[in-house]
1. How many of the residues in region 501-532 are over 44 Å from the mean Cα position of the chain (by Cα), open to solvent by less than 50 Å² (accessible area, probe 1.4 Å) and more than 16 Å from Leu369 (Cα to Cα)?
2. Got a sec? Which of Pro131, Pro82 is within 39 Å of the chain's Cα centre (by Cα), at pLDDT below 90 and surrounded by fewer than 16 Cβ atoms within 10 Å (Cβ to Cβ)?
3. I'd like to check something: does region 161-172 contain any residue that is within 24 Å of the chain's Cα centre (by Cα) and either part of a loop (DSSP other than H, G, I, E, B) or buried (at least 18 other Cβ atoms within 10 Å of the Cβ) (or both)?
4. Which of the residues belonging to region 263-272 are at pLDDT below 85 and within 13 Å of the ligand (Cβ to nearest atom)?
5. Of (1) in contact (Cβ under 8 Å) with a residue 40 or more places away in the chain; (2) within 24 Å of the chain's Cα centre (by Cα); (3) surrounded by 14 or more Cβ atoms within 10 Å (Cβ to Cβ), Val123 satisfies all except one. Which?
6. Which numbered condition in (1) within 16 Å of the ligand (Cβ to nearest atom); (2) surrounded by fewer than 20 Cβ atoms within 10 Å (Cβ to Cβ); (3) more than 24 Å from Ile150 (Cβ to Cβ); (4) not polar (S, T, N, Q) is the only one that Gly260 fails?
7. Within region 317-334, how many residues turn out to be touching a helix residue (DSSP H, G or I) at 6+ places or on another chain (Cβ under 6 Å) and away from the ligand (no atom under 16 Å from the Cβ)?
8. Please go through (1) modelled with pLDDT under 85; (2) away from the ligand (no atom under 16 Å from the Cβ) for Ala312 and return the number of the only condition it doesn't satisfy.
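The values are calculated or read from the model by the stated rules, or taken from the named source; none is laboratory data. Everything numeric in this text was worked out from a predicted model, so none of it was measured. Here the Cβ positions follow ideal geometry from the backbone for every residue, glycine too, while neighbour counts run over all protein chains shown. SASA here: full protein model, heavy atoms, side chains in, ligands and nucleic acids out. Shrake-Rupley method; radii C 1.70, N 1.55, O 1.52, S 1.80 Å.
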Amino acid sequence: MTQVFVRRLRLGAAFVLLTYLILHFANHALGIVSLEAMAVGRWWFLALWRSAPGTLALYGAITVHGLLALWLLYDRRTLRMPPWEATQYAIGLALPALLVVHVVSTRIAWWRFGVDDPYHRIVLGLSLQSPEFGARQTLTVVLAWLHACIGVHYWLRFRSWYPRARSWLFAVALLLPTLALLGFVAAGREVAALARTPGWTEAMLRAVHAPGPAEAARLLAIRRGFLDTYLIALVVVFIARGGRRLLERRRSIRIAYPNGRVVITPGGFTILEASRLAGIPHASVCGGRGRCSTCRVRIVGGLQGLSPPREAERRVLARVSAAPDVRLACQTRPAGDVAVEPLLAPSVVPAEAFGTDVRQGREQELAVLFADLRGFTRMAENKLPYDVVFFLNRYFEAVGTAITWAGGVTNQFTGDGVMALFGIDSGPATGSRQALAAARAMVERVNALSAELAGDLPTPLRIGIGIHAGPAVVGRMGWGESFYLTAVGDTVHVAARLEQATKDYAAELVVSEDVARHAALDLSHFPAHDLSVRNRAGKIAIRVIDRAANLPTL
Ligand code: FES
(Lines give C-alpha, C1' and ligand atoms only; values in the text may rest on other atoms or scores of the structure.)
Protein backbone atom coordinates (compact mmCIF):
# COMPACT_ATOMS: atom_id res chain seq x y z
CA MET A 1 0.00 0.00 0.00
CA THR A 2 2.79 2.39 0.95
CA GLN A 3 4.58 1.63 -2.26
CA VAL A 4 1.47 2.35 -4.32
CA PHE A 5 0.90 5.56 -2.36
CA VAL A 6 4.49 6.70 -2.92
CA ARG A 7 4.20 5.96 -6.62
CA ARG A 8 1.01 8.00 -6.87
CA LEU A 9 2.54 10.81 -4.88
CA ARG A 10 5.51 10.87 -7.20
CA LEU A 11 3.33 10.83 -10.28
CA GLY A 12 1.09 13.57 -8.83
CA ALA A 13 4.12 15.75 -8.05
CA ALA A 14 5.56 15.20 -11.51
CA PHE A 15 2.20 16.09 -13.05
CA VAL A 16 2.01 19.38 -11.12
CA LEU A 17 5.55 20.32 -12.18
CA LEU A 18 4.84 19.42 -15.79
CA THR A 19 1.69 21.56 -15.76
CA TYR A 20 3.67 24.45 -14.31
CA LEU A 21 6.31 24.09 -17.01
CA ILE A 22 3.77 23.94 -19.84
CA LEU A 23 1.91 27.03 -18.59
CA HIS A 24 5.19 28.86 -18.06
CA PHE A 25 6.26 28.11 -21.64
CA ALA A 26 2.85 29.10 -22.96
CA ASN A 27 3.16 32.40 -21.12
CA HIS A 28 6.63 33.00 -22.61
CA ALA A 29 5.30 32.16 -26.07
CA LEU A 30 2.84 35.07 -25.83
CA GLY A 31 5.90 37.29 -26.28
CA ILE A 32 5.60 36.49 -30.00
CA VAL A 33 2.37 38.53 -29.86
CA SER A 34 3.62 41.34 -27.62
CA LEU A 35 5.06 42.18 -24.23
CA GLU A 36 1.57 43.28 -23.27
CA ALA A 37 0.12 39.84 -24.11
CA MET A 38 2.83 38.26 -21.96
CA ALA A 39 1.82 40.51 -19.07
CA VAL A 40 -1.84 39.49 -19.42
CA GLY A 41 -0.86 35.81 -19.51
CA ARG A 42 1.33 36.36 -16.50
CA TRP A 43 -1.59 37.76 -14.53
CA TRP A 44 -3.49 34.51 -14.99
CA PHE A 45 -0.39 32.47 -14.41
CA LEU A 46 0.25 34.17 -11.07
CA ALA A 47 -3.41 34.00 -10.11
CA LEU A 48 -3.01 30.26 -10.22
CA TRP A 49 0.50 29.64 -8.92
CA ARG A 50 0.71 32.41 -6.32
CA SER A 51 -2.66 31.61 -4.83
CA ALA A 52 -2.56 29.60 -1.60
CA PRO A 53 -3.60 26.29 -3.26
CA GLY A 54 -1.29 26.92 -6.22
CA THR A 55 1.65 27.70 -3.92
CA LEU A 56 0.95 24.60 -1.85
CA ALA A 57 0.68 22.41 -4.95
CA LEU A 58 3.82 23.82 -6.61
CA TYR A 59 6.15 23.87 -3.62
CA GLY A 60 4.69 20.67 -2.27
CA ALA A 61 5.40 19.02 -5.63
CA ILE A 62 8.96 20.41 -5.73
CA THR A 63 9.61 19.12 -2.20
CA VAL A 64 8.07 15.68 -2.84
CA HIS A 65 9.81 15.28 -6.19
CA GLY A 66 13.15 16.34 -4.75
CA LEU A 67 12.96 14.20 -1.62
CA LEU A 68 11.82 11.14 -3.55
CA ALA A 69 14.66 11.63 -6.03
CA LEU A 70 17.15 11.67 -3.13
CA TRP A 71 15.47 8.62 -1.63
CA LEU A 72 15.63 6.74 -4.93
CA LEU A 73 19.29 7.68 -5.27
CA TYR A 74 19.87 6.16 -1.85
CA ASP A 75 17.65 3.14 -2.45
CA ARG A 76 19.22 1.90 -5.65
CA ARG A 77 22.19 -0.37 -4.97
CA THR A 78 24.06 0.22 -8.20
CA LEU A 79 24.41 3.33 -10.32
CA ARG A 80 24.71 1.24 -13.47
CA MET A 81 21.71 2.07 -15.60
CA PRO A 82 20.71 2.53 -19.23
CA PRO A 83 21.84 5.83 -20.84
CA TRP A 84 18.33 7.35 -20.95
CA GLU A 85 17.88 6.74 -17.24
CA ALA A 86 21.33 8.10 -16.44
CA THR A 87 20.53 11.23 -18.47
CA GLN A 88 17.30 11.79 -16.61
CA TYR A 89 19.01 11.25 -13.27
CA ALA A 90 21.91 13.58 -14.06
CA ILE A 91 19.60 16.34 -15.27
CA GLY A 92 17.28 15.87 -12.31
CA LEU A 93 20.17 16.21 -9.85
CA ALA A 94 21.57 19.29 -11.61
CA LEU A 95 18.25 21.15 -11.91
CA PRO A 96 17.85 22.32 -8.29
CA ALA A 97 21.26 23.98 -8.43
CA LEU A 98 20.49 25.58 -11.80
CA LEU A 99 16.98 26.74 -10.95
CA VAL A 100 17.73 28.29 -7.61
CA VAL A 101 19.05 31.57 -9.08
CA HIS A 102 15.84 32.24 -11.00
CA VAL A 103 13.55 31.15 -8.18
CA VAL A 104 15.30 33.29 -5.57
CA SER A 105 15.38 36.38 -7.79
CA THR A 106 11.67 36.11 -8.64
CA ARG A 107 9.46 34.23 -6.21
CA ILE A 108 11.59 34.56 -3.07
CA ALA A 109 12.40 38.22 -3.78
CA TRP A 110 8.69 38.91 -4.19
CA TRP A 111 7.78 36.97 -1.07
CA ARG A 112 10.50 38.39 1.23
CA PHE A 113 10.95 41.96 -0.06
CA GLY A 114 7.91 42.68 -2.22
CA VAL A 115 10.03 42.82 -5.40
CA ASP A 116 7.76 42.51 -8.41
CA ASP A 117 8.93 40.36 -11.32
CA PRO A 118 7.05 41.46 -14.44
CA TYR A 119 8.33 40.23 -17.79
CA HIS A 120 10.02 43.49 -18.73
CA ARG A 121 12.18 43.34 -15.59
CA ILE A 122 13.12 39.70 -16.11
CA VAL A 123 13.65 40.10 -19.87
CA LEU A 124 15.78 43.21 -19.30
CA GLY A 125 17.90 41.36 -16.75
CA LEU A 126 18.34 38.14 -18.70
CA SER A 127 18.71 39.39 -22.23
CA LEU A 128 20.29 42.85 -21.88
CA GLN A 129 21.91 43.32 -18.48
CA SER A 130 23.26 39.79 -17.85
CA PRO A 131 23.13 37.77 -21.07
CA GLU A 132 25.30 35.09 -19.43
CA PHE A 133 22.49 34.51 -16.92
CA GLY A 134 20.06 34.49 -19.83
CA ALA A 135 22.09 31.75 -21.55
CA ARG A 136 22.19 29.73 -18.35
CA GLN A 137 18.48 30.18 -17.81
CA THR A 138 17.80 29.02 -21.38
CA LEU A 139 19.90 25.93 -20.78
CA THR A 140 18.06 25.33 -17.50
CA VAL A 141 14.59 25.40 -19.05
CA VAL A 142 15.71 23.18 -21.92
CA LEU A 143 17.12 20.66 -19.44
CA ALA A 144 14.00 20.85 -17.26
CA TRP A 145 11.86 20.19 -20.34
CA LEU A 146 14.10 17.31 -21.45
CA HIS A 147 13.89 15.80 -17.96
CA ALA A 148 10.10 16.07 -18.06
CA CYS A 149 9.84 14.66 -21.59
CA ILE A 150 11.97 11.62 -20.74
CA GLY A 151 9.77 11.01 -17.70
CA VAL A 152 6.54 11.33 -19.70
CA HIS A 153 7.85 9.14 -22.51
CA TYR A 154 8.84 6.33 -20.16
CA TRP A 155 5.61 6.69 -18.27
CA LEU A 156 3.36 6.49 -21.32
CA ARG A 157 5.24 4.09 -23.53
CA PHE A 158 3.28 1.04 -22.33
CA ARG A 159 -0.10 2.58 -23.19
CA SER A 160 -1.65 1.02 -26.24
CA TRP A 161 -2.50 4.42 -27.75
CA TYR A 162 0.96 5.87 -27.24
CA PRO A 163 2.62 4.62 -30.45
CA ARG A 164 -0.13 6.37 -32.45
CA ALA A 165 0.14 9.60 -30.44
CA ARG A 166 3.92 9.64 -30.14
CA SER A 167 4.71 11.70 -33.23
CA TRP A 168 2.10 14.30 -32.24
CA LEU A 169 3.42 14.48 -28.72
CA PHE A 170 6.96 14.71 -30.04
CA ALA A 171 5.94 17.66 -32.23
CA VAL A 172 4.36 19.38 -29.22
CA ALA A 173 7.45 18.65 -27.15
CA LEU A 174 9.61 20.41 -29.74
CA LEU A 175 7.21 23.22 -30.51
CA LEU A 176 6.40 24.38 -27.01
CA PRO A 177 9.92 25.30 -25.82
CA THR A 178 10.75 26.67 -29.27
CA LEU A 179 7.77 29.01 -29.16
CA ALA A 180 8.64 29.95 -25.59
CA LEU A 181 12.19 30.88 -26.58
CA LEU A 182 10.96 32.78 -29.62
CA GLY A 183 8.51 34.64 -27.40
CA PHE A 184 11.31 35.53 -25.02
CA VAL A 185 13.53 36.76 -27.86
CA ALA A 186 10.67 38.87 -29.27
CA ALA A 187 10.03 40.31 -25.81
CA GLY A 188 13.77 41.05 -25.55
CA ARG A 189 13.57 43.17 -28.69
CA GLU A 190 10.60 45.12 -27.31
CA VAL A 191 12.30 45.70 -23.98
CA ALA A 192 15.53 46.77 -25.72
CA ALA A 193 13.54 49.41 -27.61
CA LEU A 194 11.91 50.59 -24.39
CA ALA A 195 15.26 50.69 -22.61
CA ARG A 196 16.55 53.11 -25.22
CA THR A 197 14.02 55.67 -23.89
CA PRO A 198 15.92 57.83 -21.39
CA GLY A 199 14.85 57.11 -17.81
CA TRP A 200 12.68 54.09 -18.68
CA THR A 201 14.95 51.54 -17.01
CA GLU A 202 15.32 53.54 -13.78
CA ALA A 203 11.58 54.19 -13.59
CA MET A 204 10.78 50.54 -14.22
CA LEU A 205 13.22 49.36 -11.54
CA ARG A 206 11.75 51.81 -9.07
CA ALA A 207 8.23 50.65 -9.91
CA VAL A 208 9.03 46.99 -9.29
CA HIS A 209 10.92 47.77 -6.06
CA ALA A 210 14.13 46.29 -7.40
CA PRO A 211 16.21 44.99 -4.49
CA GLY A 212 18.80 47.36 -3.01
CA PRO A 213 22.30 46.23 -1.97
CA ALA A 214 21.17 44.91 1.44
CA GLU A 215 18.27 42.98 -0.04
CA ALA A 216 20.44 41.65 -2.84
CA ALA A 217 22.97 40.43 -0.25
CA ARG A 218 20.19 38.76 1.68
CA LEU A 219 18.89 37.04 -1.47
CA LEU A 220 22.41 35.90 -2.27
CA ALA A 221 22.69 34.42 1.23
CA ILE A 222 19.40 32.58 0.73
CA ARG A 223 20.62 31.18 -2.57
CA ARG A 224 23.93 30.07 -1.04
CA GLY A 225 22.08 28.57 1.92
CA PHE A 226 19.94 26.50 -0.43
CA LEU A 227 22.92 25.35 -2.50
CA ASP A 228 24.85 24.37 0.64
CA THR A 229 21.86 22.46 2.00
CA TYR A 230 21.38 20.68 -1.31
CA LEU A 231 25.04 19.78 -1.52
CA ILE A 232 25.01 18.47 2.05
CA ALA A 233 21.90 16.39 1.28
CA LEU A 234 23.68 14.82 -1.70
CA VAL A 235 26.79 14.11 0.35
CA VAL A 236 24.65 12.56 3.12
CA VAL A 237 22.96 10.32 0.55
CA PHE A 238 26.30 9.10 -0.79
CA ILE A 239 27.70 8.59 2.72
CA ALA A 240 24.56 6.60 3.63
CA ARG A 241 24.99 4.52 0.46
CA GLY A 242 28.60 3.81 1.42
CA GLY A 243 27.65 2.84 4.99
CA ARG A 244 24.94 0.53 3.80
CA ARG A 245 27.31 -1.02 1.28
CA LEU A 246 29.74 -1.88 4.07
CA LEU A 247 26.97 -3.42 6.16
CA GLU A 248 25.46 -5.36 3.29
CA ARG A 249 28.80 -6.66 2.11
CA ARG A 250 28.94 -8.83 5.21
CA ARG A 251 26.23 -11.07 3.85
CA SER A 252 26.55 -11.83 0.20
CA ILE A 253 24.05 -13.84 -1.80
CA ARG A 254 24.33 -15.91 -4.94
CA ILE A 255 21.98 -15.42 -7.84
CA ALA A 256 22.15 -18.22 -10.40
CA TYR A 257 21.16 -17.51 -14.00
CA PRO A 258 20.57 -19.93 -16.86
CA ASN A 259 23.70 -21.31 -18.52
CA GLY A 260 25.45 -21.65 -15.19
CA ARG A 261 26.15 -17.94 -14.66
CA VAL A 262 26.27 -17.07 -10.97
CA VAL A 263 26.38 -13.51 -9.63
CA ILE A 264 27.49 -12.86 -6.08
CA THR A 265 26.14 -9.59 -4.73
CA PRO A 266 25.94 -7.98 -1.32
CA GLY A 267 22.55 -8.51 0.30
CA GLY A 268 19.93 -5.88 -0.47
CA PHE A 269 20.39 -5.81 -4.24
CA THR A 270 17.35 -6.40 -6.40
CA ILE A 271 17.72 -9.16 -8.97
CA LEU A 272 17.75 -6.52 -11.71
CA GLU A 273 20.51 -4.60 -9.95
CA ALA A 274 22.49 -7.83 -9.67
CA SER A 275 22.07 -8.39 -13.43
CA ARG A 276 23.20 -4.85 -14.17
CA LEU A 277 26.14 -5.12 -11.78
CA ALA A 278 27.30 -8.27 -13.53
CA GLY A 279 26.62 -6.88 -17.01
CA ILE A 280 23.98 -9.53 -17.74
CA PRO A 281 21.52 -8.16 -20.32
CA HIS A 282 18.13 -8.01 -18.61
CA ALA A 283 14.93 -6.48 -19.98
CA SER A 284 13.82 -3.42 -18.00
CA VAL A 285 11.74 -1.22 -20.23
CA CYS A 286 10.59 1.09 -17.41
CA GLY A 287 14.06 1.33 -15.91
CA GLY A 288 13.30 -0.69 -12.82
CA ARG A 289 10.31 1.33 -11.65
CA GLY A 290 8.02 -1.65 -11.31
CA ARG A 291 5.68 -0.54 -14.09
CA CYS A 292 6.40 -2.56 -17.20
CA SER A 293 6.78 -6.19 -16.01
CA THR A 294 9.47 -6.83 -18.63
CA CYS A 295 12.10 -7.67 -16.02
CA ARG A 296 10.03 -10.58 -14.73
CA VAL A 297 11.87 -13.76 -13.83
CA ARG A 298 10.85 -17.24 -12.89
CA ILE A 299 12.34 -18.20 -9.54
CA VAL A 300 13.60 -21.71 -10.15
CA GLY A 301 15.35 -22.03 -6.79
CA GLY A 302 15.01 -20.33 -3.42
CA LEU A 303 11.43 -19.14 -3.89
CA GLN A 304 10.47 -20.00 -0.34
CA GLY A 305 13.19 -17.66 1.00
CA LEU A 306 11.77 -14.59 -0.74
CA SER A 307 9.47 -12.19 1.03
CA PRO A 308 6.08 -12.06 -0.70
CA PRO A 309 5.56 -9.39 -3.37
CA ARG A 310 4.24 -6.06 -2.17
CA GLU A 311 1.04 -4.50 -3.43
CA ALA A 312 2.53 -2.63 -6.40
CA GLU A 313 4.45 -5.68 -7.60
CA ARG A 314 1.41 -7.90 -7.11
CA ARG A 315 -0.67 -5.62 -9.33
CA VAL A 316 1.83 -5.68 -12.17
CA LEU A 317 2.22 -9.46 -11.89
CA ALA A 318 -1.54 -9.91 -11.89
CA ARG A 319 -1.76 -7.82 -15.04
CA VAL A 320 0.39 -10.35 -16.91
CA SER A 321 -1.28 -13.30 -15.15
CA ALA A 322 2.09 -14.32 -13.79
CA ALA A 323 2.52 -17.75 -12.25
CA PRO A 324 3.19 -17.90 -8.49
CA ASP A 325 6.90 -18.48 -9.07
CA VAL A 326 7.29 -15.37 -11.23
CA ARG A 327 8.58 -12.11 -9.71
CA LEU A 328 9.61 -8.68 -10.91
CA ALA A 329 13.40 -8.61 -10.87
CA CYS A 330 13.43 -4.88 -10.15
CA GLN A 331 11.28 -5.25 -7.05
CA THR A 332 12.64 -8.46 -5.56
CA ARG A 333 15.51 -8.25 -3.10
CA PRO A 334 16.52 -11.81 -2.21
CA ALA A 335 17.73 -12.34 1.32
CA GLY A 336 19.23 -15.72 0.41
CA ASP A 337 20.54 -17.60 -2.61
CA VAL A 338 18.17 -17.86 -5.56
CA ALA A 339 18.16 -19.25 -9.08
CA VAL A 340 16.30 -17.20 -11.64
CA GLU A 341 15.30 -17.45 -15.24
CA PRO A 342 14.52 -14.15 -17.02
CA LEU A 343 11.30 -14.59 -18.99
CA LEU A 344 11.61 -11.88 -21.63
CA ALA A 345 14.44 -11.26 -24.03
CA PRO A 346 16.60 -8.25 -23.11
CA SER A 347 15.62 -6.71 -26.45
CA VAL A 348 11.91 -6.67 -25.61
CA VAL A 349 10.13 -3.54 -26.83
CA PRO A 350 7.53 -1.58 -24.81
CA ALA A 351 4.65 -2.83 -26.95
CA GLU A 352 5.43 -6.33 -25.71
CA ALA A 353 5.53 -5.33 -22.05
CA PHE A 354 2.03 -6.41 -21.19
CA GLY A 355 1.35 -8.34 -24.35
CA THR A 356 1.41 -12.03 -24.81
CA ASP A 357 4.75 -13.72 -24.82
CA VAL A 358 5.47 -17.28 -25.61
CA ARG A 359 4.54 -18.23 -22.09
CA GLN A 360 0.98 -17.17 -22.70
CA GLY A 361 0.49 -19.79 -25.42
CA ARG A 362 2.09 -20.21 -28.80
CA GLU A 363 3.08 -22.97 -31.17
CA GLN A 364 6.79 -23.13 -31.71
CA GLU A 365 9.65 -25.50 -32.29
CA LEU A 366 11.72 -26.55 -29.32
CA ALA A 367 13.46 -29.55 -27.78
CA VAL A 368 11.75 -31.64 -25.11
CA LEU A 369 13.60 -33.90 -22.69
CA PHE A 370 12.15 -36.67 -20.55
CA ALA A 371 14.18 -38.47 -17.87
CA ASP A 372 13.38 -41.32 -15.56
CA LEU A 373 15.25 -43.05 -12.76
CA ARG A 374 15.58 -46.79 -13.38
CA GLY A 375 14.31 -49.18 -10.72
CA PHE A 376 13.22 -46.44 -8.40
CA THR A 377 9.83 -47.99 -7.53
CA ARG A 378 11.50 -51.16 -6.31
CA MET A 379 14.09 -49.18 -4.39
CA ALA A 380 11.43 -47.02 -2.69
CA GLU A 381 9.53 -50.09 -1.46
CA ASN A 382 12.28 -50.87 1.05
CA LYS A 383 12.73 -47.31 2.31
CA LEU A 384 11.07 -45.19 4.99
CA PRO A 385 8.93 -42.34 3.64
CA TYR A 386 11.40 -39.84 5.02
CA ASP A 387 14.26 -41.50 3.12
CA VAL A 388 12.24 -41.58 -0.09
CA VAL A 389 11.50 -37.86 0.09
CA PHE A 390 15.09 -37.05 1.02
CA PHE A 391 16.42 -39.13 -1.83
CA LEU A 392 13.99 -37.76 -4.41
CA ASN A 393 14.78 -34.19 -3.44
CA ARG A 394 18.51 -34.86 -3.87
CA TYR A 395 17.81 -36.47 -7.23
CA PHE A 396 15.62 -33.58 -8.40
CA GLU A 397 18.25 -31.12 -7.28
CA ALA A 398 20.90 -32.99 -9.30
CA VAL A 399 18.90 -33.16 -12.52
CA GLY A 400 17.18 -29.80 -12.05
CA THR A 401 20.46 -27.90 -11.68
CA ALA A 402 21.87 -29.70 -14.73
CA ILE A 403 18.85 -28.65 -16.78
CA THR A 404 18.98 -25.05 -15.61
CA TRP A 405 22.72 -24.94 -16.09
CA ALA A 406 22.27 -25.97 -19.73
CA GLY A 407 19.62 -23.29 -20.30
CA GLY A 408 16.48 -25.41 -20.06
CA VAL A 409 13.30 -25.00 -18.07
CA THR A 410 12.41 -27.77 -15.68
CA ASN A 411 8.80 -28.43 -16.26
CA GLN A 412 7.37 -31.41 -14.47
CA PHE A 413 8.59 -33.59 -11.64
CA THR A 414 6.28 -36.55 -11.49
CA GLY A 415 7.32 -39.45 -9.30
CA ASP A 416 10.93 -39.95 -10.35
CA GLY A 417 10.31 -38.53 -13.83
CA VAL A 418 11.35 -35.16 -15.14
CA MET A 419 10.29 -33.20 -18.18
CA ALA A 420 12.27 -30.18 -19.40
CA LEU A 421 11.95 -27.72 -22.26
CA PHE A 422 14.83 -26.21 -24.22
CA GLY A 423 14.93 -23.42 -26.77
CA ILE A 424 11.74 -21.60 -25.77
CA ASP A 425 13.38 -18.27 -26.49
CA SER A 426 16.24 -19.43 -28.69
CA GLY A 427 14.66 -21.99 -31.03
CA PRO A 428 15.19 -25.70 -31.75
CA ALA A 429 18.85 -25.50 -32.84
CA THR A 430 20.09 -23.99 -29.59
CA GLY A 431 17.45 -25.94 -27.68
CA SER A 432 18.67 -29.29 -29.08
CA ARG A 433 22.26 -28.51 -28.21
CA GLN A 434 21.24 -27.40 -24.74
CA ALA A 435 19.18 -30.55 -24.22
CA LEU A 436 22.12 -32.78 -25.21
CA ALA A 437 24.43 -30.83 -22.90
CA ALA A 438 21.85 -31.16 -20.14
CA ALA A 439 21.59 -34.92 -20.71
CA ARG A 440 25.31 -35.36 -20.24
CA ALA A 441 25.34 -33.13 -17.15
CA MET A 442 22.33 -34.95 -15.68
CA VAL A 443 24.03 -38.32 -16.00
CA GLU A 444 27.24 -36.93 -14.47
CA ARG A 445 25.36 -35.47 -11.52
CA VAL A 446 23.28 -38.58 -10.96
CA ASN A 447 26.47 -40.65 -11.03
CA ALA A 448 28.02 -38.30 -8.47
CA LEU A 449 24.91 -38.60 -6.30
CA SER A 450 25.01 -42.35 -6.66
CA ALA A 451 28.63 -42.43 -5.47
CA GLU A 452 27.79 -40.18 -2.54
CA LEU A 453 24.85 -42.32 -1.40
CA ALA A 454 26.44 -45.65 -2.35
CA GLY A 455 26.14 -46.99 1.22
CA ASP A 456 22.35 -46.55 1.19
CA LEU A 457 21.64 -47.78 -2.32
CA PRO A 458 21.14 -51.43 -3.28
CA THR A 459 22.47 -50.73 -6.79
CA PRO A 460 24.04 -47.69 -8.47
CA LEU A 461 21.56 -45.16 -9.81
CA ARG A 462 20.81 -45.27 -13.51
CA ILE A 463 18.89 -42.75 -15.52
CA GLY A 464 17.21 -42.96 -18.92
CA ILE A 465 16.77 -39.85 -21.05
CA GLY A 466 14.79 -39.29 -24.25
CA ILE A 467 15.03 -36.11 -26.35
CA HIS A 468 13.00 -35.05 -29.35
CA ALA A 469 12.72 -31.70 -31.14
CA GLY A 470 9.79 -30.37 -33.09
CA PRO A 471 6.70 -28.19 -32.89
CA ALA A 472 4.69 -28.00 -29.68
CA VAL A 473 2.19 -25.68 -28.06
CA VAL A 474 3.99 -23.87 -25.24
CA GLY A 475 2.26 -21.83 -22.58
CA ARG A 476 1.46 -21.43 -18.93
CA MET A 477 -1.14 -23.99 -18.05
CA GLY A 478 -2.77 -25.19 -14.89
CA TRP A 479 -5.04 -23.83 -12.28
CA GLY A 480 -4.70 -21.90 -9.01
CA GLU A 481 -1.31 -22.42 -7.45
CA SER A 482 -0.43 -25.17 -9.92
CA PHE A 483 0.06 -22.92 -12.90
CA TYR A 484 3.26 -23.47 -14.80
CA LEU A 485 5.00 -23.32 -18.12
CA THR A 486 4.58 -26.50 -20.10
CA ALA A 487 4.30 -27.88 -23.61
CA VAL A 488 1.81 -30.20 -25.22
CA GLY A 489 1.67 -31.96 -28.54
CA ASP A 490 3.22 -34.72 -30.56
CA THR A 491 6.81 -33.66 -29.83
CA VAL A 492 6.21 -34.12 -26.11
CA HIS A 493 4.55 -37.46 -26.71
CA VAL A 494 7.50 -38.67 -28.82
CA ALA A 495 10.10 -37.47 -26.29
CA ALA A 496 8.32 -39.48 -23.58
CA ARG A 497 8.34 -42.52 -25.85
CA LEU A 498 12.09 -42.15 -26.48
CA GLU A 499 12.72 -42.05 -22.74
CA GLN A 500 10.82 -45.37 -22.41
CA ALA A 501 12.88 -46.80 -25.26
CA THR A 502 16.07 -46.34 -23.21
CA LYS A 503 14.89 -49.36 -21.18
CA ASP A 504 14.52 -51.51 -24.30
CA TYR A 505 17.98 -50.60 -25.54
CA ALA A 506 19.56 -50.51 -22.04
CA ALA A 507 20.96 -47.10 -22.94
CA GLU A 508 21.27 -43.84 -21.06
CA LEU A 509 20.08 -41.73 -23.93
CA VAL A 510 17.82 -42.07 -26.97
CA VAL A 511 17.49 -39.05 -29.23
CA SER A 512 15.62 -38.52 -32.45
CA GLU A 513 17.47 -37.76 -35.67
CA ASP A 514 15.62 -34.43 -35.59
CA VAL A 515 17.60 -33.48 -32.49
CA ALA A 516 20.91 -34.38 -34.16
CA ARG A 517 19.90 -32.39 -37.25
CA HIS A 518 18.87 -29.31 -35.28
CA ALA A 519 22.01 -29.50 -33.13
CA ALA A 520 24.14 -29.98 -36.28
CA LEU A 521 25.81 -32.89 -34.51
CA ASP A 522 27.17 -35.99 -36.20
CA LEU A 523 25.74 -38.96 -34.31
CA SER A 524 26.26 -41.42 -37.18
CA HIS A 525 28.59 -43.60 -35.10
CA PHE A 526 25.73 -44.43 -32.71
CA PRO A 527 23.30 -47.22 -33.63
CA ALA A 528 20.32 -46.05 -35.66
CA HIS A 529 16.82 -47.50 -35.31
CA ASP A 530 13.31 -46.74 -36.40
CA LEU A 531 10.84 -46.59 -33.58
CA SER A 532 7.08 -46.78 -33.78
CA VAL A 533 5.11 -44.47 -31.55
CA ARG A 534 1.54 -45.18 -30.53
CA ASN A 535 -1.11 -43.14 -32.36
CA ARG A 536 1.46 -41.85 -34.82
CA ALA A 537 1.78 -42.72 -38.46
CA GLY A 538 5.27 -43.66 -39.61
CA LYS A 539 8.33 -44.38 -37.56
CA ILE A 540 10.77 -42.09 -35.79
CA ALA A 541 14.42 -42.32 -36.75
CA ILE A 542 16.48 -42.47 -33.58
CA ARG A 543 20.03 -42.83 -32.33
CA VAL A 544 20.76 -44.93 -29.30
CA ILE A 545 23.56 -43.62 -27.11
CA ASP A 546 24.60 -46.14 -24.52
CA ARG A 547 26.47 -43.61 -22.39
CA ALA A 548 25.76 -39.88 -22.48
CA ALA A 549 29.44 -39.26 -21.74
CA ASN A 550 30.19 -40.60 -25.24
CA LEU A 551 28.36 -37.71 -26.88
CA PRO A 552 30.60 -35.52 -29.02
CA THR A 553 31.65 -32.32 -27.33
CA LEU A 554 29.09 -29.60 -27.91
S1 FES B 1 11.90 -3.04 -15.07
FE2 FES B 1 9.84 -2.50 -15.42
S3 FES B 1 8.79 -3.68 -13.95
FE4 FES B 1 10.84 -4.17 -13.55
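1. Within region 501-532, the subset over 44 Å from the mean Cα position of the chain (by Cα) is 501, 503-507, 524-532.
The next check asks that each one be open to solvent by less than 50 Å² (accessible area, probe 1.4 Å); those that pass are 501, 507, 526, 531.
Add one more test, that the residue is more than 16 Å from Leu369 (Cα to Cα), and what stays is 526, 531.
Of the residues in that region, 2 qualify.
2. Pro82
3. yes
4. none
5. Condition (2) is where Val123 drops out.
6. So Gly260 meets the others, but not (1).
7. At the first step, the residues of region 317-334 found to be touching a helix residue (DSSP H, G or I) at 6+ places or on another chain (Cβ under 6 Å) are 325, 328-332.
In the following step, the residues that additionally are away from the ligand (no atom under 16 Å from the Cβ) were identified as 325.
Selection size over region 317-334: 1.
8. (2)
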